[in-house]
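The values are calculated or read from the model by the stated rules, or taken from the named source; none is laboratory data. All figures in this text were calculated on a predicted structure; none of them were measured in a lab. Here Cβ is always computed from backbone atoms with ideal geometry, including for glycine, and neighbour counts include all displayed protein chains.
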Amino acid sequence: MEAEADLERVLVIDDRDTPLTLADERIARAIRENNARLVIIDPVQAFLGADVDMNRANEVRPIFRSLGDIAQATGCAIVLIGHLNKAAGTQSTYRGGLGSIDITAAVRSLLFIGKLKDSPPTTRVLIHEKSSLAPPGQSLAFSLGDEKGFEWIGGLMTLPLTSFLPGQTPQRPRARPHRRKCSFWNCLQTESVCRVQSWKRQSMSVGFPHAP
């Protein structure tokens, strides 16, 4: 292989008969039996299990707590690769494909890879967004193309996630309510004591429902 990996040291859990999930005991058993130092799960969304909603904290939290316990007990690093929702972009870190905030809260280090605005199409940047155990690392640039394959370009100054290309749509200004539709606020602004019935009539006139 071009990366010169020692394939004798690369193992895969066979899940052709029984799909593998993050709660599967085969993960811990494989780590212990092979004295594994690194486990890569890609993409993490595919291994949550059919009955787990990644947007529900109560369903995600115990799974990632268990993975953390396995990593701590064995000394094995577990790398989870997730794919962001391109429409949401990196601004929606906790919702754009990563589901519940518990997923990002459970990990000790969080990295993002993406394209930069006005950069060559083969250029990618690695940004260290979260680091719980050490200072965050420097942003790194690399190229990934057909001719040279993978090649490091060099370090960059710390970049915000807004530098990434996906999801960068300008925020629309909040629409201001029409003054006539908010006329009931006059009751609050002009009277030192606002009678409940007066405020109720004004608010109902612009469509605010009230319990009888």
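Laid out as a table, the results:
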| read-out | value |
| --- | --- |
| Residue tally, condition small (G, A, S) and in contact (Cβ under 8 Å) with a residue 24 or more places away in the chain, over the range 33-47 | 1 |
| Listing of strands (runs of 3 or more DSSP E) fully contained in the range 107-151 that carry 1 or more residues being among the β-branched types (V, I, T) | 109-114, 123-131 |
| Candidate set from the range 9-49 (those that are of a type in the set (D, E) and either assigned to a loop (DSSP other than H, G, I, E, B) or not assigned by TED's automatic domain parsing to the domain that holds C76 (or both)); member that is nearest to A77 (Cα to Cα) | D42 |
| Failed criterion for I127 (all others in (1) within 26 Å of E59 (Cβ to Cβ); (2) modelled with pLDDT of 85 or more; (3) not charged (D, E, K, R) hold) | (1) |
| Of the criteria (1) hydrophobic (A, V, I, L, M, F, W, C); (2) surrounded by 13 or more Cβ atoms within 10 Å (Cβ to Cβ); (3) modelled with pLDDT of 90 or more; (4) within 24 Å of F142 (Cα to Cα), which one L38 fails | (2) |
| Scope the range 7-35; condition under 19 Å from A50 (Cα atoms) and among the small types (G, A, S); matching residues | A23 |
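For every residue, the table says whether it meets (1) free of Cβ contacts under 8 Å to residues at least 12 places away in the same chain; (2) under 25 Å from the mean Cα position of the chain (by Cα); (3) closer than 30 Å to F150 by Cα.
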position: L7; (1), (2), (3): yes, no, yes
position: D17; (1), (2), (3): yes, no, no
position: I31; (1), (2), (3): no, no, yes
position: G49; (1), (2), (3): no, yes, no
position: N55; (1), (2), (3): no, yes, no
position: R65; (1), (2), (3): no, yes, no
position: I70; (1), (2), (3): no, yes, no
position: T74; (1), (2), (3): no, no, no
